[in-house]
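> Before anything else, here's the structure in question.
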Amino acid sequence: MTVQKKPEKEKGTTPKAMGQQQVSHRLFSAGSVGEKVACLFVLAAFVLFLFPIVQYETGGMRFEVSAWQILTAPGLVLGGQTAGFWWLARIAAALCLLMPLAGLVLLVLGKKGLAALCLLLGPVCSLVIAQPGSAIIEALGNQSDPEMLISYTPLYYIYWVLALVAALLAWRARGYARSAQGLKNVDMSDEAQRAHQRKKDLAKGIIAIVMGLVPAATFFMPYVTYSFNDTIYQVSAWQLLTAPGLEVNGAVVHFPLLAQISVVIGAVLPLAAIVLLLCKKAVWAGVGFLLSALTPLLVLLTSSSVQTALTSLNISQIVVAYQLPFTLTLVLGLCAAVLAVWTKGTEQLAQSIFLVFSCVSVGSVVILTVYMISAGAPAMAEIGLGNFLFGTTWKPGNDQYGILPFILSSIAGTFGAVLLGVPIGILTAVFLSETAPRRLASVVRPAVQLLAGIPSVVYGFFGMLVILPAIRAVFPGAIGESLLAVILILAIMVLPTIVSVSETALRAVPVSYREAALALGTTPVKTIFKVTIPAAKSGILAGVILGVGRAIGETMAVIMVAGNVANMPSLLGTVKLLTTGIAMEMSYSSGLHRQALFAIGLVLFVFIMIVNIAFTVISKKGVQMDAE
């Protein structure tokens, strides 16, 4: 008996092998397309850099210079003499021209990761290409108009976009090739996988380091521009740190200390983060990059003080514009922080992102507190804390800044609004959650919610057309604009907040509480007031706190019904509250008057903090008593 062997299938003809070949073909094809497009972008970026990318404007003359001219030309002709370009700018121009070519060669050789790195280094080097250097600055000093405005042409930004897109495509092509290689080596060992992951982490670290070097590389580039009276001041981060200030009309406007500290931190922290990253402290490096990214925001906060100082010199129409280093420090700092933490794995990155976002609210409170204290404390120190808080006369023209009438009027208006609005709001919430028929509740609830969406100015019109005439009719001789009108309008405005939050808290009380009380023979009304409301006490207090915050901070509607005269509070007399004083006088204030308004904001901020802390303590004591 002869046994015939089954013919063996040809290697690679199984469905699984055919599928792998098809997927591999698609991946390799996609990668090759990416490489071709990247090569085209590289060539386009190289060609663009042969055209003008930088503009120098001085003394009615304009010079448009390409990277090739910066590299090869002797310099700019200023005042009959040739001022050479900065040697560092020439090196940057050479690198900007060579890096695209190096990236192209590496793409052809299949070194896609290195090609992407070279393509990223090109734009980074271009950041210092426009710096004039000492020779040009010296030549400018010999002219009648020594100011020079440096700007980039649109081709410069097109170069940035093309280089970044080419780097991304090169990196994606690298990823396609790696994915295809992974399909070929399905049985890759754990050690090989770890080695592959280490290479990815190394690439992330290198990109983070390159991004971290940008703030230091742009430290001498124009950081902020001040424009007024046909005069333009371009100030670099180095000048913010070392120069005394802006010389205007024979006076010197000093740069804020916070701005000087911020630009130093913004340049030093990325370098420290790079060192930490090299020491394998990726999380701390991410913190350093993140903090450096926040420094431009601190510089932004200080712009108002410079504008105030310029306004005191009778200068108007001040324009403050932040340049490319400001944006790069912010954006690249955030990106570098993400990449640095990402080197520790996706899980660590996710946890870090959650932590950062959870700290945003706390950080906002801290920044707001520091800003309010720094803006309001100088005025209090100059006026005197006692004179400021307990003075009864507010006359900025006579340098009298007593805000006791503002404080008492705000307290009286808020207390009256809470006294009227809280009982009505809580009882309305009880009605909607406990006793209202479903159809009636479906009508009342949207009506209450609609009150929350009505703009403040509409409430103000309602107060002017309804409440003020009603006060004049009920109290003959009254002018209408009064503390009573403020109380009534604020009581209406706090209702939707109190009703919505309190109703939610009442509905969250377990049904078993009500059933147990009714089973013991308690009436429904007693169950509401003895069981449901005490159980929902913390939520109701939260609604009251939000209502008080709305009453304290309301401005527009109060301006329209208060009369806005700084008198001691009386029920039918005109008053001016803390918020209305700031809103009405900020537009024309200057000097000590403006600082005093910031100090009023600080008092208002402290007032709200005290109210929140007091309600929190009361709520905790109530919870402890219930537990006992």
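> Order 221-229, 242-250, 336-344 from most to least packed using the mean count of other Cβ atoms within 10 Å.
336-344, 221-229, 242-250
> What is the packing order of peptides 454-462, 207-215, 428-436, taking the mean over residues of other C-beta atoms within 10 Å and listing the highest first? Kindly include the intermediate steps, with their values, before the conclusion.
Working: 454-462: 15.3, 207-215: 22.7, 428-436: 19.3.
The most tightly packed comes first, giving 207-215, 428-436, 454-462.
> Using the structure shown, select from Lys204/Lys280; Lys111/Lys344; Lys112/Lys280 the pairs with a Cα to Cα distance greater than 23 angstrom. Intermediate values should be presented prior to the final figure.
On the way: Lys204/Lys280 13 Å; Lys111/Lys344 25 Å; Lys112/Lys280 25 Å.
The answer is Lys111/Lys344; Lys112/Lys280.
> Can you give me the distance in nm between label points at Glu515 and Ala447, each placed 7 Å from the Cα along the Cα-to-Cβ direction?
3.4 nm
> Let me check something: with ligands and nucleic acids excluded, how do His593, His254, His196 order by accessible area (1.4 Å probe), largest to smallest?
Details: His593 20, His254 125, His196 65 Å².
The most accessible residue leads, giving His254, His196, His593.
> Another question, if that's okay. So what are segment 282-382's ellipsoid semi-axes, whole angstrom, largest first, if each one is the square root of 5 times an eigenvalue of the alpha-carbon gyration tensor?
Details: eigenvalues 236, 65, 14 Å².
Over the Cα atoms of segment 282-382, the semi-axes work out to 34, 18, 8 Å.
> As a test of the definition: which semi-axes, in Å, follow for segment 430-540 when you take the square root of five times each eigenvalue of its alpha carbon gyration tensor? Largest first, please. Intermediate results must be reported in sequence, preceding the final value.
Numbers: eigenvalues 272, 49, 30 Å².
Semi-axes, largest first: 37, 16, 12 Å.
> Please list, in order along segment 342-356, the HN-Hα scalar couplings obtained from phi with the Karplus expression 6.51 cos²θ - 1.76 cosθ + 1.60 (θ = phi - 60°), rounded to whole Hz, x for Gly and Pro.
Per residue, the Karplus-derived 3J(HN,Hα) values read 5, 5, 8, x, 5, 5, 5, 4, 4, 4, 5, 5, 4, 5, 4 Hz.
> Would you kindly state how much longer the chain becomes between Val565 and Tyr322 on full extension, computed as 0.36 nm times their sequence separation minus their alpha carbon distance, in nm to one decimal? Working shown, then result.
Working: separation 243, 0.36 × 243 = 87.48 nm, distance 4.04 nm.
Here the segment from Val565 to Tyr322 would lengthen by 83.4 nm.
> How far apart, in nm, are two points set 7 Å out from the Cα along the Cα-to-Cβ line at Ser587 and at Asn249?
Distance between the two pseudo-spin positions: 2.3 nm.
> Next question. If I compute solvent accessible area with a 1.4 Å probe over the protein chains, what percent of it on segment 376-470 is carbon and sulfur?
Details: 3560 of 5070 Å².
Of the solvent-accessible surface of segment 376-470, carbon and sulfur hold 70 percent.
> Quick check: at a probe of 1.4 Å, how many percent of the accessible area of segment 217-362 sits on carbon and sulfur atoms?
Values: 5160 of 7430 Å².
Carbon plus sulfur share of accessible area: 70 percent.
The values are calculated or read from the model by the stated rules, or taken from the named source; none is laboratory data. If you're wondering where the values come from, they're calculated on a predicted model, not measured in any experiment. Positions of Cβ are generated from backbone atoms using ideal geometry, with glycine treated the same way; all protein chains shown enter the neighbour counts. SASA here: full protein model, heavy atoms, side chains in, ligands and nucleic acids out. Shrake-Rupley method; radii C 1.70, N 1.55, O 1.52, S 1.80 Å.
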